Amino acid sequence: MSSTTQLKSSEEASFGPKEFFNEQWKVYQKVLNNNYMGHREVYCILHEILVGYFQKPFKMLDLGCGDASFTAQALLNTNIVSYEGIDLSTPALEIAKQNMARIQCDATFTQGDFSELVSQLVQAQQNRFDAILISFALHHLHLQQKDYFIGQLKSLLSSGGIFILIDVVRNEVEDRESYIQRYLEGVQKHWSLLTPQEYSMVENHISSSDFPETQQTLQEISQKYNFTQFKCLYCDPQNTTQVLCFYQ
């Protein structure tokens with residue numbers, strides 16, 4: 001069962017397919033298709049977490065779900081019974097509905113800014129989730145926003161639930177500028193099929209929008225909100241992307 005709920009007006013809500021599939025979207029798909037950010041390995045780890053941890057039926061909230069293509073793959077042959085995806089882009093959610101159709105569970109898709117809609121979910125006090133997933137999105141928030149946001153997520157987790165964070169993470173000795181320099185050096189070296197124009201788009205996005213934290217900072221936030229455990233279950237060979245679990 002699928003439904004799409006409109007909770008927030010947005011410029012992107014009126015985008016048609018032509019506007020959505022612009023140059024940025026094409027570059028992102030190129031990055032995914034060539035596995036430049038390691039999505040295949042990361043979502044294989046996610047699948048292992050979901051299969052191994054949830055022996056009973058579970059409910060998932062996917063924040064910034066995009067088109068849910070990799071998430072749907074990770075959910076195959078799991079015990080999921082309910083899925084809710086939130087994303088700013090209506091066209092992406094339309095594709096997400098198609099990708100999630102092969103998963104045997106109730107699926108709901110909500111258009112809006114997840115950092116705002118989570119507050120509404122907390123206030124409503126109606127839904128609790130066994131798994132909350134954020135993939136490559138939390139790093140767009142500043143530290144105080146991340147701190148507050150993770151505190152809100154804890155109140156949305158069921159007893160024994162997990163907040164699973166897939167994201168870029170700085171080394172302990174790095175500041176933001178040195179991290180961005182190191183990451184972009186990796187992009188230049190390994191993302192070989194990008195054109196100069198596409199590289200420029202990636203560089204501009206990372207330089208303006210990426211605010212990754214260190215693992216230590218994220219662990220301190222987990223301790224602040226009394227998560228029972230904090231574990232890193234995967235770190236990529238470039239030491240930029242991690243899969244972190246905050247256990248309720």
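Just a few scattered comments:
- Between E185 and N171, the contour length at 0.36 nm per residue exceeds the alpha carbon distance by 3.5 nm.
- Volume per residue that the Cα convex hull of the stretch 66-196 spans, once the total is divided by residue count, Å³: 158
- Under a model in which nothing but the beta-carbon of Lys, Arg (+1) and Asp, Glu (-1) is charged, the chain shows a dipole of about 660 debye around its Cα centre.
- Cross-link table K97/K146; K26/K231; K30/K189; K30/K231; K97/K224; K26/K97, entries beyond 26 Å C-alpha to C-alpha: K97/K146; K26/K231; K30/K231; K97/K224
- Seen from a random direction on average, the alpha-carbon convex hull of the chain projects onto 12.8 square nanometres.
- With both labels modelled 7 Å from their Cα along Cα-to-Cβ, the Q197 to S158 distance reads 4.9 nm.
- Sorting 157-168, 181-192 by their mean Cβ neighbour count within 10 Å, with the most densely packed peptide first, gives 157-168, 181-192.
- Footprinting exposure proxy for F109, F136, F227 (fewest neighbouring C-beta atoms within 10 Å first): F136, F227, F109
- Between the beta carbons of Y247 and W25, assuming R0 = 45 Å, the FRET efficiency works out to 0.85 to the nearest 0.05.
- Rg in Å to one decimal, and Dmax rounded to a whole Å, for the stretch 171-248 via C-alpha atoms: 15.1, 46
- Fluctuation leader among A72, A124, A137 - the chain, Gaussian network, Cα springs under 10 angstrom: A124
- Summarising the overall dimensions of the stretch 62-122 from its C-alpha atoms, the Rg and Dmax are 11.2, 32 angstrom.
- Normalised by the number of residues in the chain, the mean separation of alpha-carbon contacts (under 8 Å, six or more apart) gives a relative contact order of 20 percent.
- Considering only L32, L153, L133, the Gaussian network model of the chain with Cα springs below 10 Å gives its largest mean-square fluctuation to L32.
- Cα pair distances exceeding 21 angstrom across the stretch 102-179, given as percent: 35
- Sum of side-chain charges, A96 neighbourhood, beta-carbon under 13 Å (Lys, Arg +1; Asp, Glu -1): -3
Here, each number is a calculation from the coordinates, and none is a lab measurement. As the structure is a computational prediction, the values presented were derived from the model and not from experiment. A quick note on method: Cβ atoms are made from the backbone with ideal geometry, for glycine too, and the neighbour counts reach across all protein chains shown.
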